[in-house]
Amino acid sequence: MSHHIDMEDHADPEPVLLSKHAKNLLRFLNMLPARMASHDNTRSTIVFFAVCGLDVLNSLNLVPPQMRQDIIDWIYGGLVVPRDNEKKCGGFMGCRAMVPKSEDSEILECMRNYQWGHLAMTYTSLAVLVTLGDDLSRLDRKSIVDGVAAVQKAEGSFSACIDGSEDDMRFVYCAATICYMLDDWGDVNKETMFQFIVRSLRYDYGFSQELEGEAHGGTTFCALAALHLSGQLHRLDAATVERMKRWLIFRQMDGFQGRPNKPVDTCYSFWIGASLCILDSFELTDYAKNREYILSTQDKLIGGFAKWPQATPDPFHTYLGLCGLAFTGEPGLSPVNPSLNMSMAAYVHLQHLHEQWRSGDGRGDEDLSLSSAAKQQLKLSDVAKSATSTTCSSPLIPAQ
């Protein structure tokens, strides 16, 4: 008697617990755990991960209208608009520690010396406003862009703020996103920015955070996205781009690592994945292995994704893990714009605002076309929607 032994694993793939992830992120909009007290000065980034994560989960409806308006008003509460006789420091602050609850004019005037925009907080604040559907009418766009130009260094990089900050590729990216979202580059020198970026390209064809640093997945994303948003990606020659793709693809073990000989980490499913999307090469990755690793960090009890398996989930890794899954067309997730790091729905709203501003400025329509990477995501999303309903038991998207 012969027996057929089936060596294939027919176990159903682990589901993405969409509803638990939504509840997890919603929790961070209502209450922050004590362990996050040290992040108080960057609170707007936590709001960014929570709000944009809910958007990618197609769950913004869980945020009641009044709460949505409260978030918008809170964001605007951190807006700094300098007077004519003050430094060009327009933008958003990360928290309200420098906004005292006082009517004493002397105290309020003193505190103005410590109020200035921060590039990372300005980027995340703008992204939250766009994601929540705000029309940005309360902004003085010029003062914000002037604030961006004021922190650009001679070599092309940017500081985070007008006083007392490091300058590196992270803030080059933030500067590019701010100018792109506000559709105004003002006095920002895009040429010196480009030169700083290309001088940060290392021998192995990843980008470093600073000149002469080590190539890193996060800063490679920042560099490529900044080039894309500033309309300068085409200035890289074909051979260089192919070597960049090779460096990025080699970062996949099962999930992705940020540097050679380092452990994989959920967040690099976005940083590396988005970089490959910008270069129209994400399809060269192993979708199934990427998904398997991200799901291994999923907290099945309270929702959320962590950095590593068995670690504590947090809003940062939850949001970026969801984005990494969205790149593969995971059912139930909204497509993500890789360069701006926001949902395609939010990006479409931003395009609409740009059209209104350009019409008002008499500039007419300009090129707002999607990249082929974004179109691929939309195609994957459509396939996923036709294959299954939006539930927390999403099937595995086969590796391409």
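The values are calculated or read from the model by the stated rules, or taken from the named source; none is laboratory data. Computed from a predicted structure; not experimentally measured. Reconstructed Cβ throughout: ideal geometry from the backbone, glycine too, with neighbour counts over all protein chains shown. When the accessible area is computed, the model is the full protein with side chains, heavy atoms only, and any ligands, DNA or RNA have been set aside. Shrake-Rupley method; radii C 1.70, N 1.55, O 1.52, S 1.80 Å.
Among the residues of the range 86-118, those identified as without any contact (Cβ under 8 Å) to a residue 12 or more places away in the chain and either of a type in the set (A, V, I, L, M) or open to solvent by less than 60 Å² (accessible area, probe 1.4 Å) (or both) are 100, 102, 107, 108.
Among the residues of the range 139-173, the ones that are open to solvent by less than 10 Å² (accessible area, probe 1.4 Å) and within 28 Å of residue 69 (Cβ to Cβ) come to 4 in all. Taking residue 136 as meeting all but one of (1) open to solvent by 20 Å² or more (accessible area, probe 1.4 Å); (2) part of a loop (DSSP other than H, G, I, E, B); (3) within 21 Å of residue 353 (Cα to Cα), write down the number of the exception. For residue 136, the exception is condition (1).
Scanning the range 180-212 for residues that are on the phi < 0 side of the Ramachandran plot and among the hydroxyl-bearing types (Ser, Thr, Tyr) gives 180, 192, 200, 203, 208. For the range 303-352, a residue qualifies if it is in contact with a strand residue (DSSP E or B) (Cβ under 9 Å, 6 or more places away or on another chain) and acidic (Asp, Glu), and exactly one does: 314.
Of 269, 275, all but one fail to be assigned to a helix (DSSP H, G or I), within 26 Å of residue 49 (Cα to Cα) and touching a strand residue (DSSP E or B) at 6+ places or on another chain (Cβ under 8 Å); the exception is 269.
Within the range 77-89, being within 15 Å of residue 129 (Cβ to Cβ) and in contact with a helix residue (DSSP H, G or I) (Cβ under 7 Å, 6 or more places away or on another chain) holds for one residue alone: 78. Take the residues of the range 321-346 that are without any contact (Cβ under 8 Å) to a residue 60 or more places away in the chain and farther than 14 Å from residue 291 by Cβ: which is nearest to the chain's Cα centre (by Cα)? That would be 337.
Just one of 237, 184, 163 is within 22 Å of residue 127 (Cα to Cα) and acidic (Asp, Glu); which is it?
The unique qualifying residue is 184.
When residue 106 is tested against (1) closer than 28 Å to residue 59 by Cβ; (2) modelled with pLDDT of 85 or more, just one condition goes unmet, and that condition is (1).
Of these, 273, 255, which one is of a type in the set (Gly, Ala, Ser) and touching an Asp or Glu at 6+ places or on another chain (Cβ under 8 Å)?
255
Contact map, the range 133-153: first residue farther than 23 Å from residue 167 by Cβ, second residue open to solvent by 20 Å² or more (accessible area, probe 1.4 Å) and among the β-branched types (Val, Ile, Thr), Cβ cut-off under 6 Å, separation 6 or more or different chains; pairs are 140/81.
Just to be sure before I move on: is residue 233 buried (at least 16 other Cβ atoms within 10 Å of the Cβ), touching a residue at least 60 places away in the same chain (Cβ under 8 Å) and closer than 19 Å to residue 337 by Cα in the structure I sent? So residue 233 does not fit the description; no.
The set of residues from the range 1-41 being under 13 Å from residue 315 (Cβ atoms), in a helix (DSSP H, G or I) and modelled with pLDDT under 90 comprises 35, 36, 39.
Within the range 152-196, the set of residues being among the hydrophobic types (A, V, I, L, M, F, W, C), in a loop (DSSP other than H, G, I, E, B) and closer than 25 Å to residue 357 by Cα comprises 182, 185, 188.
How many residues does the range 101-123 contain that are charged (D, E, K, R) and over 18 Å from residue 76 (Cα atoms)?
First, pick out the residues of the range 101-123 that are charged (D, E, K, R): 101, 103-104, 106, 109, 112.
With the extra rule that they be over 18 Å from residue 76 (Cα atoms), the set shrinks to 103-104, 106, 109.
Counting residues in the range 101-123 that are charged (D, E, K, R) and over 18 Å from residue 76 (Cα atoms) gives 4.
Counting the residues of the range 330-354 that are under 15 Å from residue 124 (Cβ atoms) and in a helix (DSSP H, G or I) gives 2. A Cβ distance below 6 Å, combined with a sequence gap of six or more or placement on separate chains, defines the contacts here; from the range 288-313, residues that are at pLDDT below 95 reach no residue that is open to solvent by 20 Å² or more (accessible area, probe 1.4 Å) and in a loop (DSSP other than H, G, I, E, B).
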